[in-house]
Structure formats: structure tokens, C-alpha cells
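Have a look at the structure below, then the notes.
The values are calculated or read from the model by the stated rules, or taken from the named source; none is laboratory data. Because the structure is predicted, anything quoted here is derived from the model rather than measured. A quick note on method: Cβ atoms are made from the backbone with ideal geometry, for glycine too, and the neighbour counts reach across all protein chains shown.
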Amino acid sequence: MRKIWIVCLVVLLGLCACRPRHAVLRIGIISPSIDHLPLSFALAEGGMDSDDLMIIPFTSGWEAQEALIAGRIDTAILPFTYIWNAVAKGYPIKTASFFERETDGLLTHPAIQSVSDLQDKKIGMLKASSLEVLWLDFAKSNGIKAQTVYFHSPNELVTAFIRSEVDAAVLYVPLLNKLEGDFKVLHWFAERYPLHPCCDLAVNTKTLAAGKQKRFQRFFAELDRFVSGLNTREPRFMQFAARTYSLSPDQLQEALRHTRFRLGLEQQGVVFQQKMAEYSKVQGYLERIPAAEEVFMNISEP
């Protein structure tokens, strides 16, 4: 009898080992950015089923993009230029939804009071970023010819700006709000493009197809419900955001005033990104401009 029980136990263990493990959805975020704020708050508040979610932080968009391309993560909240860059090179990356919007602007020293004062000045920015294409569009529409100075990270850019090594900097919330007391936000890009998407929810279609499609769909639905019902003036949300980004109450109020979170793939956002892709192509950052169906996906598809 004992031998029979041992055999049964071995068989049972073997069957358990053969069962497919529940797929964990690996989500990449850029930790210094505010673009993942609702997701982080939802997880902290228990507003999402997090048992099979794994958050993986990165310090830059390039790092997150590389991880997504390599399949080390399944989805990521990324500036849209990184997604278009990956798609143009033939990688299995697509945009499932727009997400964070309206967070970027042009910061200047007090001596620069108008757009015309930017003529021939040094403008600091991150190379091949969504910030750069927005600046190129702004400069062209205003007839501004300026000297572009590139930096590898936001911290390098901010340091150079404070030291007056550049006259203006193209930045995003909440960095803009932390500096706005001593400097001036000359222009918010949302003035020209209301609700324009800055960061999107991107996916690696190859890793999703390997058994994670339904989990991503559930994650997306949960995130959409949470964001749709989110009150960004709720005290718990304000406390979480202030603590996460080390913002004063006034800085946080300004940051949220210039930030929108909304999922969806409305045509206005698609057209906006296509226009920005044209600037990327001119600059040599895109080998080609992908068609919209190459970039954007319907998450309900199997």
C-alpha cells in the first residue's frame, strides 16, 4: 500500500509540473516620469488585480524600448517616438493606446520674454525624443532658427539649463514644475495640440501572442476603468503623487493642471503622431514612416 501511495504522489507531482504556469505580464515604466502615475496609484490602492503583474522600472525611454524589443518586458508606457522608431525598423512593437497627454513645454530663462527672443539661442533637449519633434514643429511654425544642444538624460539637461549653458530647455512635467518658480514656461505644446499624446501604452506583439494576450486585455480593461473614474484632486491621490515625485502642493497642482490621462486611439492623436513622424524622418531618426496600421493595434484581436 505504501508503494502505491508513493507512486501516486510521484504521478501527482509530475502532473502539477506539466501544468502551464500562469503568465506574468511584465510592465515597463520610466521611473522619473509622471507618465505611469495612475497605474502606480492603482496598484498601491489595490485598484487592480496585481497577482500576475510585474512592474519593471527603467531610467530612460531608450532603456525601456530596448527591453520591449528584446522581449524582456511585454508592455511599456513609452514616449511615442520610441514606438515609431521600433516599428520603422521592423520590430514587433505596436501602440495599444494613447495614455499620458499634454505634459511637455518650453522652459526659458527670465531674459527670454517672447518667442522671437529664441532666435539664434541655444535650446537643450533629448535627442530623437518626442520633445525634439515638438520643438521642431514649434520652431518651424514660428520661423525660429536656433542652435540645438543635445543631452543624454533629463538630469544632464536640467543641470546645463540651471548653469545657463543653454538658454531654453524642452522638458516635461514634473521637472517643469520644479523649475517654474525660478524660470518661465514660455510655451506649453498643448496650446497648439490639445490632448496630444505624449506617452503611449506599447506592447511586444510576439510575447503577447505567446500566451499573454488575454491577460493584457484584462489589464487594459482594468486600467481603463480605473483611469476613467480617477479623481486627480482626491486627497489620497494628491498625497501619493506628492510623495512619489517630491512635489510641493503648488507644484503638484500645476503639474496636474498640465497633465491628462486618458486611454483610447482617437483619430486626432493618430494624425498628430503621423505629423511628428515626418519630422523624425527629416532628422534621419526614422528609416521610413510606417503606415498607421503598422503602429496601432486593436487589443480585442486574438
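Out of Ser60, Ser129, which single residue is touching a Gly at 6+ places or on another chain (Cβ under 8 Å) and farther than 24 Å from Asn298 by Cα?
On the way: Ser60 fails: touching a Gly at 6+ places or on another chain (Cβ under 8 Å).
Exactly one of Ser60, Ser129 is touching a Gly at 6+ places or on another chain (Cβ under 8 Å) and farther than 24 Å from Asn298 by Cα, namely Ser129.
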Among the numbered criteria (1) within 19 Å of the chain's Cα centre (by Cα); (2) at pLDDT 95 or above; (3) surrounded by fewer than 17 Cβ atoms within 10 Å (Cβ to Cβ), which one does Gln147 miss?
(1)
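Among the residues of segment 210-225, write down those that are hydrophobic (A, V, I, L, M, F, W, C) and either at pLDDT below 95 or part of a loop (DSSP other than H, G, I, E, B) (or both).
Of everything in segment 210-225, just one residue is hydrophobic (A, V, I, L, M, F, W, C) and either at pLDDT below 95 or part of a loop (DSSP other than H, G, I, E, B) (or both), namely Ala210.
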Check every one of the helices (runs of 4 or more DSSP H) wholly within segment 34-129 and list those with 3 or more residues that are under 12 Å from the mean Cα position of the chain (by Cα) and surrounded by fewer than 23 Cβ atoms within 10 Å (Cβ to Cβ).
none
Which residue out of Leu171, Leu186, Leu230, Leu176 is closer than 26 Å to Phe272 by Cα and in a loop (DSSP other than H, G, I, E, B)?
Leu230
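Restricting to segment 176-206, name every residue that is touching a strand residue (DSSP E or B) at 6+ places or on another chain (Cβ under 7 Å) and either surrounded by fewer than 20 Cβ atoms within 10 Å (Cβ to Cβ) or free of Cβ contacts under 8 Å to residues at least 40 places away in the same chain (or both).
Taking segment 176-206 and keeping what is touching a strand residue (DSSP E or B) at 6+ places or on another chain (Cβ under 7 Å), we get 176, 179, 183-189, 195-205.
Those that are touching a strand residue (DSSP E or B) at 6+ places or on another chain (Cβ under 7 Å) and either surrounded by fewer than 20 Cβ atoms within 10 Å (Cβ to Cβ) or free of Cβ contacts under 8 Å to residues at least 40 places away in the same chain (or both): Leu179, Phe183, Lys184, Val185, Leu186, Trp188, Leu195, Thr205.
With respect to Leu256, is the statement that it is in contact with a Pro (Cβ under 8 Å, 6 or more places away or on another chain), in the same structural domain as Ala96 (by TED's automatic domain parsing) and either without any contact (Cβ under 8 Å) to a residue 12 or more places away in the chain or assigned to a helix (DSSP H, G or I) (or both) true? Working first, answer last.
On the way: in contact with a Pro (Cβ under 8 Å, 6 or more places away or on another chain): no; in the same structural domain as Ala96 (by TED's automatic domain parsing): yes; either without any contact (Cβ under 8 Å) to a residue 12 or more places away in the chain or assigned to a helix (DSSP H, G or I) (or both): yes.
Considered against the rule, which asks whether it is in contact with a Pro (Cβ under 8 Å, 6 or more places away or on another chain), in the same structural domain as Ala96 (by TED's automatic domain parsing) and either without any contact (Cβ under 8 Å) to a residue 12 or more places away in the chain or assigned to a helix (DSSP H, G or I) (or both), Leu256 comes out as no.
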Which one is surrounded by the most Cβ atoms within 10 Å (Cβ to Cβ) among residues in segment 153-170 that are in contact with a strand residue (DSSP E or B) (Cβ under 8 Å, 6 or more places away or on another chain) and closer than 21 Å to Cys198 by Cβ?
Ala169
Residue list for segment 156-175, restricted to those being among the polar types (S, T, N, Q) and either in contact with a Lys or Arg (Cβ under 8 Å, 6 or more places away or on another chain) or free of Cβ contacts under 8 Å to residues at least 12 places away in the same chain (or both)
Thr159
Within segment 207-225, the count of residues that are crowded, with 19+ Cβ neighbours inside 10 Å and within 24 Å of Asp104 (Cα to Cα) comes to 1
Could you tell me whether any residue of segment 71-80 is of a type in the set (A, V, I, L, M, F, W, C), at pLDDT below 95 and within 27 Å of Met238 (Cα to Cα)?
no
All positions within segment 34-54 that are within 13 Å of Leu230 (Cβ to Cβ) and hydroxyl-bearing (Ser, Thr, Tyr)
Ser40
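Quick grid of which residues meet (1) touching a strand residue (DSSP E or B) at 6+ places or on another chain (Cβ under 9 Å); (2) in a helix (DSSP H, G or I):
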{"residue": "Leu263", "(1), (2)": "yes, no"}
{"residue": "Gly269", "(1), (2)": "yes, yes"}
{"residue": "Ala277", "(1), (2)": "no, yes"}
{"residue": "Val282", "(1), (2)": "no, yes"}
{"residue": "Leu286", "(1), (2)": "no, no"}
{"residue": "Pro290", "(1), (2)": "no, no"}
{"residue": "Ile299", "(1), (2)": "yes, no"}
Contacts under 6 angstrom Cβ, first residue in segment 281-302 being in contact (Cβ under 8 Å) with a residue 40 or more places away in the chain, partner in a loop (DSSP other than H, G, I, E, B) and among the aliphatic types (A, V, I, L, M), 6 or more apart
Tyr285/Ala128; Phe296/Leu265
